[in-house]
Amino acid sequence: MGSNTLSIGFFFAFMALTLAITYWAARRTRTTEHFFAAGGEVTPWQNGWALAGDFLSAGALLGIAGIVTSNGFDGMIYSIGWLVGWPIILFLIVEPLRNVGRFTFADVVAYRLRQRPVRLAGAVGTIAVILFYLIAQMVATGSLIKLLFGLPYIWSVVVVGGVMLIYVLFGGMLATTWVQVVKAALLMAGGVVLALLVLTHFDMSPLKLFAAASEKYGARVLQPGSKVVSGRWDAISLGIGLMFGTAAMPHVLMRAYTVKDSKAARLSILYATGLIGLFHLMVFIIGFGAMVLVGPEAVAKAGGGGNMAAPLLALTVGGNAFFGFICAVSFATMLAVVAGLTLSGVATLCHDVWTNVVRNGSASEAEQLRIARVATVAISILAIVLGIAFEGQNVAFMAGLAFSIACAANFPSLVLAITWRRLTTSAAVASILVGTISSLVLIYLSPTIQVDILGKPLAQVEHEWWFVSLRNPAIISLPLSFCVAIVLSLITTEANADATFDEMQERMLLGPLQASVPPRPRTKSAA
């Protein structure tokens, strides 16, 4: 398979297309507005496709298909959990985000609070989320390049990191947007064709496909409660993390700023929700198709934590040409998401930390772009190192952990900032830090790290950490983050935060141009 000429041809064709897009975008990226938000010139339809491209990551195509292939119905919890988060963004998050912020969610949280502590805390939470999500993408992409070219896994990850660096370093958000649009269109087309090819083996009936899976592997594959989660509380925790984490993912929220106004941002979310929902239905068919037509054993032998189910299914039902196409589309999927994640991390380090904390809002455009490119290189190197360290993990599972961190670190402070007058700086900072740290500690103590990564026997882990049996920490860390924010807000006061709440509400609802009160200036005293 590593020498498959058609597969390599599709791969290089996509590479050539995306590099051409990057070259075109690089000539138009001259300011931080263009680098981080494409100048706000993306249309709602384009942004909807880009959002779908940003969100339909390796976890969607490869990870969920692999989980369904290995475990059956349980894989559906990932599809449903991720999809349910989008209405939360549409009805609660996107309009305040677009009308109050500029590049990152910390713009909204810090609007009526003290700038420096909130932005620093926000940066900690954002970087933690981005790095966990980057791990998932790098692992899947490395596994795919290894399968396609026969390269060692380490060099596969290095190649991916290098290409990602080129996209972000030179093209910024404009290049990333168009790479995501192209990738989303290819992904949808590939998913539709692959699902239809599977159904041709079962008289175009999904019910016959499910019946064949049940007959071959037992009725358990159509029932919840297999290996994906360790119990009912773990299932609930995973669902909470996916649902509220979706509404707090930094690279998704950042796309609210690439369109001209809040109406366009809402339309973008609406289009993206439809595209993502349709694709997840197809992934379920693809997963069961791989279970019946390829077999969980063959998928496991291919390595990569079950992530190669979809490419192997494409080879089985469509031959070498379709296998090459799906591999190229999968690579495009992961590369575009990695670029979006990197750009989100760069925006946090450059805009929140350097410009608003270190330089107190006085950094020039040239300086900001220079810092952004330095941050791009640093995040790319870190992504490569982490991708190598977490070889073999299922990408949907790893992505689920990133969402668990996002829901505890970012969601409570963001929601309370836009809905509750009493929120204070100390409460927001504590909420973000407690949510981030508690999630990371619980993940470290869980079987995810202790058993899967460090290789300890499960019985030993349960004996050492009897209070930690959850693989997904959201059911503990999200309420803890909310409680910390509420309690600290009730026992502390902040006159400026209270006084500017009405101003913020007016801007959230009417937009910055219609609001009667101009935004308060960002001075040293406000920081």
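Nothing in this text is a laboratory measurement; each read-out follows from the coordinates by a stated rule. From a predicted model like this one, the values you see are computed outputs, not experimental measurements. Glycine also receives a Cβ, built like all others from the backbone with ideal geometry; neighbour counts cover every protein chain displayed.
Along the charge dipole of region 5-394, Cβ charges K/R +1 and D/E -1, which of G274, G318, G340 sits furthest on the positive end?
Most positive-ward Cα: G340.
By how many nm would the segment from Y217 to F91 lengthen if fully extended, with 0.36 nm per residue of separation less the alpha-carbon distance?
41.2 nm
For a test of understanding, tell me how many lysine pairs in region 5-394 have Cα atoms under 30 Å apart, given they are 8 or more places apart or on different chains.
12
Going by how many other beta carbons lie within 10 Å of each one, how would you line up K301, K183, fewest first?
Neighbour counts put them in this order, fewest first: K301, K183.
Tell me the volume per residue, in Å³, of the convex hull enclosing the alpha carbons of the chain.
Dividing the Cα hull volume of the chain by its residues yields 127 Å³.
Compute the distribution of all C-alpha to C-alpha distances in region 197-304, in bins of 5 Å from 0, and list the percent of pairs in each, rounded to whole numbers.
2, 9, 13, 15, 15, 15, 12, 9, 6, 2, 0
Please turn the phi angles of region 158-165 into ³J(HN,Hα) values with the Karplus equation 6.51 cos²θ - 1.76 cosθ + 1.60 (θ = phi - 60°), one per residue in order, whole Hz, x for glycine and proline.
So the J values, rounded to whole Hz, are 4, 4, 4, x, x, 5, 4, 4.
Give me the one-decimal nm value for the distance between modelled label points at K208 and L454, 7 Å along each residue's Cα-to-Cβ direction.
Here the modelled spin labels are 5.1 nm apart.
R232 to L509: extension gain in nm, 0.36 nm per residue of separation minus the Cα-Cα distance?
95.8 nm
Where does helix 474-491 land angle-wise versus the long Cα axis of the chain, in degrees 0 to 90, nearest 10?
10 degrees
Suppose every Lys and Arg Cβ carries +1 and every Asp and Glu Cβ carries -1, with no other charges. What dipole size does region 5-394 come out with about its Cα centre, to the nearest 20 debye?
So the magnitude is around 600 debye.
What do you get for Rg/Rh of region 304-385 when both radii come from the Cα atoms and Rh is the Kirkwood radius?
Result: Rg/Rh = 1.25.
Taking the Cβ of each residue in M76, M243 as the centre, tally the other Cβ atoms inside 10 Å and list the residues starting with the fewest.
Values: M76 19, M243 22.
Listed from fewest to most nearby Cβ atoms, that is M76, M243.
Nearest 10 degrees is fine. How inclined is helix 262-293 to the longest principal axis of the chain, computing both from alpha carbons?
Value to nearest ten degrees: 20.
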